[in-house]
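Have a look at the structure below before the remarks.
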There are 2 protein chains.
Amino acid sequence: MARSNRTRYAVLGMLAIGKRSGYDLKKEFERRMSHFWAESLGQIYPTLKQLLDEGMVRAHRDSGTGRRVRTVYSITARGRKELSAWLQDPPQTEQVRNEMLLKLYFGPELGVESAVTHLSRFETEQRRVLEVMEGFQPEIAEVAESGEQELFWKITLASGLHVIRARIAWCQEARCMLEKWRQSEGQTKPRALRRLEAS
Amino acid sequence: MARSNRTRYAVLGMLAIGKRSGYDLKKEFERRMSHFWAESLGQIYPTLKQLLDEGMVRAHRDSGTGRRVRTVYSITARGRKELSAWLQDPPQTEQVRNEMLLKLYFGPELGVESAVTHLSRFETEQRRVLEVMEGFQPEIAEVAESGEQELFWKITLASGLHVIRARIAWCQEARCMLEKWRQSEGQTKPRALRRLEAS
DNA sequence: TTACGCATGTAAGAGGTTACATGATTTT
DNA sequence: AAAATCATGTAACCTCTTACATGCGTAA
């Protein structure tokens with residue numbers, strides 16, 4: 001049973017924008033959609049093949065303009081219909097799995113020291129991501145093929161900006177809380193260490 | 001290959017807090033950790049069995065105080081050591097998959113109308129989640145078994161609050177953007193419909 | 001000529017969900 | 001007496017990642 005197979009629709013959706021090769025798809029997921037969607041090549045190629053068998057997409061050999069030969073795919077009417085139906089369904093909220101928060105939840109076992117380390121690293125990383133995303137903003141108008149396209153891409157980007165900024169704010173708050181605790185309690189050692197010392 | 005097997009550590013971490021049955025674990029994931037972690041029973045029971053075989057946990061028959069018999073597990077020294085090592089590793093950022101954002105990214109195919117519908121539904125849902133989380137706050141002090149426990153639980157809860165509020169703010173901004181577009185363009189129909197009408 | 005990026009794929013196998021199965025106890 | 005909740009599992013099955021394999025074109 002497992003999950004619904006969203007790779008199909010992710011691929012179909014991209015091909016609805018325009019013809020692309022498997023490799024193109026991977027690049028696009030990585031470069032422009034990484035803050036809300038990920039796909040691996042080991043998933044993309046088989047999916048493309050399957051969609052082809054089902055008549056959802058068409059394949060063309062593209063040997064255009066000096067480039068080496070590659071296979072580009074475009075969506076068929078059937079594919080577009082299937083995509084459309086899926087798009088209208090209310091989006092499923094995914095099951096979340098946030099390793100950072102899980103580790104913090106186990107804080108007494110982790111130790112305040114390490115918690116601060118994890119948080120600092122995370123904050124730095126999030127700031128870097130934020131910078132990249134802010135750099136996207138002007139790019140969108142150039143890449144989008146219509147005003148409508150641009151509108152929706154701006155909306156998805158805005159989501160990323162809001163959430164990342166919230167995460168950064170949270171990091172600061174959390175580190176502040178830990179600092180306060182440290183000062184008032186002097187409890188910086190993980191439970192495991194204290195356990196040892198007690199014996 | 002696939003992923004690292006975090007279920008092990010999630011279970012181990014919970015048992016480091018105190019003894020619990022498989023069923024208890026499931027409830028706790030669901031009720032108090034659902035905004036950052038999910039586990040299914042079909043995963044929990046086999047993991048518990050495996051951890052038992054490896055000597056990471058111990059099993060006790062608990063027929064206590066009028067309740068029916070159940071199997072509760074507690075962590076062993078080996079288990080705690082394994083957990084500790086994992087906790088110190090920098091948390092891996094998960095691959096994200098946000099169906100809502102994916103569908104919005106395909107906005108021209110989805111249509112402004114449906115986009116607004118999806119967003120509204122999502123916003124309502126997020127507001128409900130926010131309310132539940134805000135209700136948690138006072139509960140934490142009661143459930144936590146130490147000040148340190150309480151501190152860390154407050155930190156994970158704070159993350160949820162920040163992110164959910166950010167999502168709600170984004171919903172409003174996004175709907176505002178869509179409304180503006182609607183007024184200036186009058187383009188409320190999905191591309192599929194316009195395509196039909198054009199022929 | 002060596003190495004890197006482009007490009008396409010396959011295979012193995014872990015990880016995870018859902019559905020099925022079962023039975024006791026408590027509530028309505 | 002029926003229904004809901006507690007409680008524990010197993011089986012089927014899909015999804016997805018990682019690793020492996022291959023070869024072309026171009027830049028250093």
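When you scan segment B:164-173, how many residues do you find that are under 22 Å from A:TRP153 (Cβ atoms) and in contact (Cβ under 8 Å) with a residue 24 or more places away in the chain?
4
Hey, can you tell me all the residues within segment A:82-121 that are among the basic types (Lys, Arg) and in contact with an Asp or Glu (Cβ under 8 Å, 6 or more places away or on another chain)?
First, pick out the residues of segment A:82-121 that are among the basic types (Lys, Arg): A:97, A:103, A:121.
Matches in segment A:82-121: A:ARG97 only.
Looking at (1) of a type in the set (Lys, Arg); (2) in contact (Cβ under 8 Å) with a residue 40 or more places away in the chain; (3) within 12 Å of DNA strand C (Cβ to nearest atom), find the lone condition where B:ARG6 falls short.
Unmet condition: (2).
Can you give me the ranges of the helices (runs of 4 or more DSSP H) entirely in segment B:87-199 with at least 3 residues that are modelled with pLDDT of 95 or more?
Of the helices (runs of 4 or more DSSP H) lying wholly inside segment B:87-199, those with at least 3 residues that are modelled with pLDDT of 95 or more span B:99-105, B:107-110, B:112-143, B:147-185.
Restricted to segment B:30-45, and to residues that are of a type in the set (S, T, N, Q) and within 10 Å of chain A (Cβ to nearest Cβ), which residue is nearest to the chain's Cα centre (by Cα)?
The residue in question is B:SER34.
Only residues that are in contact (Cβ under 8 Å) with a residue 40 or more places away in the chain and either outside the structural domain of A:GLY13 (by TED's automatic domain parsing) or assigned to a helix (DSSP H, G or I) (or both): list them for segment A:24-49, please.
A:ASP24, A:ARG32, A:THR47
Give me the pairs, please: first residue somewhere in segment B:103-132 and of a type in the set (Lys, Arg), second residue anywhere and assigned to a helix (DSSP H, G or I), beta-carbon distance under 7 Å, and either six or more positions apart or on two chains.
Short answer, once both residue conditions are applied: B:LYS103/A:LEU87; B:LYS103/B:LEU110; B:LYS103/B:HIS118; B:ARG127/B:ILE168.
Taking segment B:71-86 as the search range and keeping residues that are surrounded by 20 or more Cβ atoms within 10 Å (Cβ to Cβ) and not in a helix (DSSP H, G or I), which one is farthest from the other protein chains (Cβ to nearest Cβ)?
Here the answer is B:TYR73.
Is at least one residue of segment A:33-40 exposed (fewer than 15 other Cβ atoms within 10 Å of the Cβ) and away from DNA strand D (no atom under 12 Å from the Cβ)?
Taking segment A:33-40 and keeping what is exposed (fewer than 15 other Cβ atoms within 10 Å of the Cβ), we get A:40.
Adding the requirement that they be away from DNA strand D (no atom under 12 Å from the Cβ) leaves none.
The answer is no; no qualifying residue exists.
Step by step: first the residues of segment A:1-32, then only those that are among the aromatic types (Phe, Trp, Tyr) and buried (at least 17 other Cβ atoms within 10 Å of the Cβ), then the one that is farthest from B:GLN95 (Cα to Cα). Which residue is that?
A:TYR9
Could you check segment B:71-92 and list, in sequence order, the residues that are in contact (Cβ under 8 Å) with a residue 24 or more places away in the chain and small (Gly, Ala, Ser)?
Matches in segment B:71-92: B:SER74, B:GLY79.
I need every pair where a residue in segment A:137-155 that is at negative phi has its Cβ under 6 Å from the Cβ of a residue that is loosely packed, with under 13 Cβ neighbours inside 10 Å and in a helix (DSSP H, G or I), sequence separation at least 6 or different chains.
Cβ pairs passing all conditions: A:GLU150/A:ALA141.
Is it the case that some residue within segment B:35-44 is away from DNA strand C (no atom under 14 Å from the Cβ) and either under 21 Å from A:PHE106 (Cβ atoms) or at pLDDT below 95 (or both)? Explain how you work it out, then say what you get.
Within segment B:35-44, the first condition is being away from DNA strand C (no atom under 14 Å from the Cβ), and the residues that meet it are B:35.
Narrowing further to those that are either under 21 Å from A:PHE106 (Cβ atoms) or at pLDDT below 95 (or both): B:35.
Yes, segment B:35-44 contains at least one residue that is away from DNA strand C (no atom under 14 Å from the Cβ) and either under 21 Å from A:PHE106 (Cβ atoms) or at pLDDT below 95 (or both).
Kindly indicate whether any position in segment A:130-141 is within 11 Å of chain B (Cβ to nearest Cβ) and not hydroxyl-bearing (Ser, Thr, Tyr).
No - not one qualifying residue is present in segment A:130-141.
So which pairs qualify, if the first residue must be in segment B:54-70 and outside the structural domain of B:ARG20 (by TED's automatic domain parsing) and outside any loop (DSSP other than H, G, I, E, B), the second must be modelled with pLDDT of 75 or more and within 14 Å of DNA strand C (Cβ to nearest atom), the Cβ gap must be under 8 Å, and the two must be at least 6 apart or on different chains?
Qualifying pairs under 8 Å: none.
Name the single residue, out of those in segment B:55-70 being modelled with pLDDT of 95 or more and out of contact with any Asp or Glu (no Cβ under 8 Å at 6 or more places or on another chain), that is surrounded by the fewest Cβ atoms within 10 Å (Cβ to Cβ). So that I can check it myself, show each step before the final result.
Our first condition is that a residue be modelled with pLDDT of 95 or more; within segment B:55-70, this holds for B:55-59.
Filter once more, so that each one left must be out of contact with any Asp or Glu (no Cβ under 8 Å at 6 or more places or on another chain): B:55, B:57-59.
Working: B:GLY55: 11, B:VAL57: 23, B:ARG58: 15, B:ALA59: 15.
Ranking the candidates gives B:GLY55 first.
Take the residues in segment A:45-54 that are surrounded by fewer than 15 Cβ atoms within 10 Å (Cβ to Cβ) and near DNA strand C (Cβ under 10 Å from one of its atoms); name whichever of them is nearest to A:GLY135 (Cα to Cα).
Filtering first and then ranking leaves A:PRO46.
The values are calculated or read from the model by the stated rules, or taken from the named source; none is laboratory data. Computed from a prediction, not measured in an experiment: that's the story for all the values here. Because the Cβ atoms are built from the backbone with ideal geometry, glycine has one as well, and the counts that use them run over all protein chains shown.
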